[in-house]
Amino acid sequence: MQILIVEDESRIAAFVARAFQAEGLGVHVATDATEGIGRALDNRYDLVVLDLMLPDGDGLSMLRELHQRRPELPVLILSARNDLPTRLHGFELGAVDFLPKPFSLDELLARARVQLRRVHVEDDDHRVRVRGLELDVARRQAHLGDRLVDLSDREFRLLHVLMTHTDQVVSRERLLAEVWGYDFDPHSNVVDVCVRRLRHRLGPDAPIETVRNVGYRAAA
Ligand code: CA
């Protein structure tokens with residue numbers, strides 16, 4: 001597995017690179033956004049760790065371009081700029097996770113492992129399958145049997161989280177964090193409403209189970 005670190009502070013880049021290498025992962029470091037996007041498009045990476053304040057611009061602009069051209073590539077933002085609007089913007093542009101600096105190396109490794117496991121669940125053509133339901137992550141399409149199911153970006157992402165954790169209960173809090181970018185409970189029922197819409201679109205064969213008072217599960 002290969003990881004791209006986009007980070008201009010050489011001390012942090014070296015520290016993170018060593019930690020990933022110790023886990024047996026291949027690591028490249030890019031020191032600005034231009035080099036980062038060039039490397040990410042020319043090579044096959046399993047994860048990008050992205051700093052936001054880069055010498056040649058904003059990591060968010062890089063994320064926007066990268067997500068348009070490589071939507072299946074998970075990007076974890078690691079940044080000192082961690083106000084809520086920035087975090088939400090990052091998730092909106094396609095980041096899968098956001099870790100504020102200063103950070104704990106153990107937490108970074110744990111979060112990276114979650115993303116790498118998920119890559120593993122997807123096969124080489126970037127499809128995730130649960131029963132008759134298939135997500136084409138690169139094209140952002142869902143198929144139920146032969147039928148193409150039209151989903152919003154939010155619905156697709158929610159389904160993706162559930163389907164990459166097959167047979168595990170995923171809590172509402174986690175869905176709020178991963179799909180909406182909230183790290184607090186807004187005391188709303190957005191998750192339940194989104195699941196209801198998903199079930200409506202997928203029909204009675206939807207493999208989504210409700211786990212009362214906890215969350216949801218994609219059952220294989
Ligand atoms: Ca920086």
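Have a look at Phe20, Leu135, Ala219 and report the one farthest towards the positive end of the charge dipole of the chain, computed about the Cα centre with Cβ charges (Lys/Arg +1, Asp/Glu -1).
Farthest along the dipole direction, towards plus: Ala219.
Among Pro204, Leu116, Thr166, flag the residue with its Cα farthest along the positive direction of the charge dipole of the chain, charges on Cβ as +1 for Lys/Arg and -1 for Asp/Glu.
Final value for the positive-end residue is Pro204.
Taking only the alpha carbons of region 1-80, what extent do you get along each of the three principal axes, in Å, biggest first?
31, 24, 18
Using a basic spin-label model with each label point 7 Å from the Cα along Cα→Cβ, how many nm lie between Asp106 and Thr166?
3.2
Could you identify which residue out of Arg81, Arg70, Arg147 has the top mean-square fluctuation in a GNM of the chain using Cα springs shorter than 10 Å?
Maximum fluctuation in the GNM of the chain, among the listed residues, is at Arg147.
So, in nm, how far is label Ala219 from label Leu148 when the simple model puts each one 7 Å beyond its Cα toward the Cβ?
3.1
If neighbour count is taken as other Cβ atoms inside 10 Å, put Ser10, Ser171 in order from fewest to most. Don't jump to the answer; show the numbers that get you there.
Details: Ser10 10, Ser171 14.
In order of increasing Cβ crowding within 10 Å: Ser10, Ser171.
How long is the gain from Asp192 to Arg140 if the chain were fully straight, where each residue apart is worth 0.36 nm and the alpha carbon distance is subtracted? Let's see the in-between values first.
Numbers: separation 52, 0.36 × 52 = 18.72 nm, distance 2.17 nm.
This chain segment gains 16.6 nm when fully extended.
For the chain, state what percent of all Cα-Cα pairs lands in each successive 10 Å bin, counting from 0 Å until the bin that includes the largest distance.
8, 34, 35, 19, 5, 0
Pull out the extension gain between Arg174 and Leu41, defined as 0.36 nm times the separation in residues minus the alpha carbon to alpha carbon distance; nm, one decimal.
Details: separation 133, 0.36 × 133 = 47.88 nm, distance 3.00 nm.
That pair, Arg174 and Leu41, stretches by 44.9 nm at full extension.
Mind jotting down the distance between the C-alpha centroids of region 169-198 and region 46-68, whole Å?
26
All of the numbers you see were taken from the coordinates with simple rules; none came from a lab. What you see is a predicted model; the values in this text were computed from it and never measured. For neighbour counting, all protein chains shown are included, and Cβ atoms are generated from backbone atoms with ideal geometry for every residue, glycine included.
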